[in-house]
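The values are calculated or read from the model by the stated rules, or taken from the named source; none is laboratory data. Keep in mind that what you see is a predicted model, and the values were worked out from it rather than measured. Cβ placement follows ideal geometry from the backbone for every residue including glycine, while neighbour counts extend to all protein chains displayed.
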Amino acid sequence: MDDDIPYLLLTPGPLTTSRTVRQAMQSDFSTWDVDYNDRVQFVRSELVRIATAQVASYTSVLMQGSGTFAVEATLGSVIPRGGKVLIVDNGAYGRRIVQIAARLEIDHAVLHLPETEVATADDVRAALAADDAITHVAIVHCETTTGMLNPVESIARVVKEFDRVFILDAMSSFGGMPIDVAALGIDYLIASSNKCIQGVPGFGFVIAHTPTFESTQGAARSLSLDLFDQWQAMEQGGGKWRYTSPTHVLLAFEQALRELAEEGGVSARHARYRENHRTLVDGMREIGFRTLLPDAVQAPIITSFESPTDPRYDFGAFYAALKARRFVIYPGKVSAADTFRIGNIGHVFPADMRDLLEQIATVSAEFFD
Ligand SMILES: *Cc1c(COP(=O)(O)O)cnc(C)c1O
């Protein structure tokens with residue numbers, strides 16, 4: 001761990017960044033200047049390059065705010081009036097998409113599943129077959145609530161079979177797991193600056209199928225979250241944002257993208273996250289902890305562990321003891337089970353996981369002996 005940070009964030013984001021990413025924020029740029037706008041354009045094209053080999057059919061647009069702002073901008077901008085979206089809800093982030101649709105008064109159907117159950121292609125096929133009015137399908141890739149991975153490949157095939165527009169919240173997986181938007185027929189992929197690309201928080205982004213996106217002009221229900229207008233400003237202004245852009249965050253993100261390429265791209269990052277995850281889970285099981293999910297549906301992004309049932313266990317005290325040892329973990333978010341979560345993403349390596357396991361073993365021994 002770098003010695004200029006107080007602790008390692010084992011969280012789903014904001015997460016631990018590299019010192020060089022943090023240092024990239026040490027300059028002030030004008031949003032009107034070509035020096036800055038060129039960097040925006042580099043970031044936009046790099047995002048498309050990471051998302052697919054078929055770069056000519058895709059574009060990207062950045063949006064101020066946290067990831068949810070980008071989800072809300074997408075829902076509110078690309079579903080025309082009279083459209084209807086099928087939303088898969090098997091976790092808090094799926095539920096948030098439902099909340100957005102309800103608040104924006106977008107007609108929607110919900111495919112509701114327990115938080116520990118993945119959506120299947122058959123579930124989605126049945127929902128689409130049952131309702132002709134559905135024009136769009138929205139699903140979360142890695143449900144950060146639990147760390148569960150929805151099988152996006154098989155679901156994407158069904159969405160395309162029915163010729164619906166596909167919106168994927170890949171917030172916590174994009175950059176850390178290989179996804180090819182063209183191969184899967186994803187029309188809108190949404191993620192943010194502070195997850196697997198390993199930047200700092202401040203904006204979200206959408207990778208869009210250009211011909212589909214082009215047809216959405218005038219559909220937005222919000223001024224500041226108008227995704228189409230933001231895209232047009234960036235296209236026509238050579239990287240200009242509408243309204244103040246998070247310049248320092250963008251510089252950090254540009255550096256983070258360079259470091260992703262230096263690491264060997266998404267497949268190398270995925271391999272590191274998987275090793276982090278494997279190291280963590282094997283070690284936790286050895287200490288006596290149990291994972292919430294079976295390994296088959298678990299993404300290597302964040303892992304939910306069942307809280308010990310021993311009455312001497314208390315999450316607050318466990319958290320504080322680990323924080324004092326320079327590791328920050330994450331509370332659980334599952335409604336039906338008492339859990340805590342440990343993230344595998346960020347500028348975090350298997351050696352850090354081994355250090356963490358040693359600390360958890362010590363803290364657990366103090367708790368329960
Ligand atoms: C992080 C995350 C979001 C966005 O959350 P914000 O707190 O708004 O950044 C959305 N969906 C998923 C799956 C996420 O992991």
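Each residue in region 244-277 was checked for being farther than 16 Å from R44 by Cα and either without any contact (Cβ under 8 Å) to a residue 12 or more places away in the chain or touching a Lys or Arg at 6+ places or on another chain (Cβ under 9 Å) (or both), and 5 of them qualify. If you go through region 289-307 and keep only what is touching a Leu at 6+ places or on another chain (Cβ under 7 Å) and without any contact (Cβ under 8 Å) to a residue 12 or more places away in the chain, you end up with nothing.
Of the residues S77, S18, S27, which single one is more than 16 Å from the ligand (Cβ to nearest atom), within 19 Å of V266 (Cβ to Cβ) and of a type in the set (S, T, Y)? Only one candidate passes the filter, namely S18. The requirement of being within 16 Å of the ligand (Cβ to nearest atom) and of a type outside the set (A, V, I, L, M) is satisfied by S224. In this structure, T135 qualifies as touching a residue at least 40 places away in the same chain (Cβ under 8 Å), within 17 Å of I97 (Cα to Cα) and over 16 Å from the mean Cα position of the chain (by Cα).
Test G83 against the stated conditions and say whether it is assigned by TED's automatic domain parsing to the domain that holds L128 and within 16 Å of the ligand (Cβ to nearest atom). It is false that G83 is assigned by TED's automatic domain parsing to the domain that holds L128 and within 16 Å of the ligand (Cβ to nearest atom).
D35 is checked against (1) among the charged types (D, E, K, R); (2) closer than 30 Å to A183 by Cβ; (3) outside any loop (DSSP other than H, G, I, E, B) and fails just one. What number does that condition carry? All conditions pass for D35, except number (2).
Scanning region 80-92 turns up at least one residue that is touching a residue at least 60 places away in the same chain (Cβ under 8 Å), within 16 Å of the chain's Cα centre (by Cα) and surrounded by fewer than 21 Cβ atoms within 10 Å (Cβ to Cβ).
What residue, of V98, V85, V21, is out of contact with any helix residue (DSSP H, G or I) (no Cβ under 9 Å at 6 or more places or on another chain), over 19 Å from S173 (Cα atoms) and not in a loop (DSSP other than H, G, I, E, B)?
Going through V98, V85, V21 in turn, just one is out of contact with any helix residue (DSSP H, G or I) (no Cβ under 9 Å at 6 or more places or on another chain), over 19 Å from S173 (Cα atoms) and not in a loop (DSSP other than H, G, I, E, B): V98.
I'd like to know if region 26-47 contains one or more residues that are over 22 Å from Q230 (Cα atoms), without any contact (Cβ under 8 Å) to a residue 40 or more places away in the chain and surrounded by fewer than 14 Cβ atoms within 10 Å (Cβ to Cβ).
The answer is yes, given that some residue of region 26-47 is over 22 Å from Q230 (Cα atoms), without any contact (Cβ under 8 Å) to a residue 40 or more places away in the chain and surrounded by fewer than 14 Cβ atoms within 10 Å (Cβ to Cβ).
Within region 55-74, being within 16 Å of the ligand (Cβ to nearest atom) and either buried (at least 24 other Cβ atoms within 10 Å of the Cβ) or among the acidic types (D, E) (or both) holds for L62, M63, G67, A70, V71, E72, A73, T74.
Can S45 be described as at pLDDT below 95 and closer than 21 Å to Q255 by Cβ? No: the conditions fail for S45.
So which of D310, D282 ends up being assigned by TED's automatic domain parsing to the domain that holds I345, acidic (D, E), touching a residue at least 12 places away in the same chain (Cβ under 8 Å) and surrounded by fewer than 17 Cβ atoms within 10 Å (Cβ to Cβ)? Testing whether each residue is assigned by TED's automatic domain parsing to the domain that holds I345, acidic (D, E), touching a residue at least 12 places away in the same chain (Cβ under 8 Å) and surrounded by fewer than 17 Cβ atoms within 10 Å (Cβ to Cβ) leaves just D310.
Filtered by the rule that a residue be part of a loop (DSSP other than H, G, I, E, B), touching a Leu at 6+ places or on another chain (Cβ under 7 Å) and within 16 Å of the ligand (Cβ to nearest atom), region 128-176 gives H141, T146, G147, A170, G175. Within region 175-233, being hydrophobic (A, V, I, L, M, F, W, C) and farther than 22 Å from V40 by Cα holds for M177, I179, A182, A183, L184, I186, A219, A220.
Is it true that some residue in region 272-294 is of a type in the set (A, V, I, L, M), closer than 30 Å to D33 by Cβ and part of a helix (DSSP H, G or I)? Even if it seems obvious, please write down each step before you answer.
First, the residues of region 272-294 that are of a type in the set (A, V, I, L, M): 280-281, 284, 287, 292-293.
After this cut, where a residue has to be closer than 30 Å to D33 by Cβ as well, the list is none.
No, region 272-294 has no match at all.
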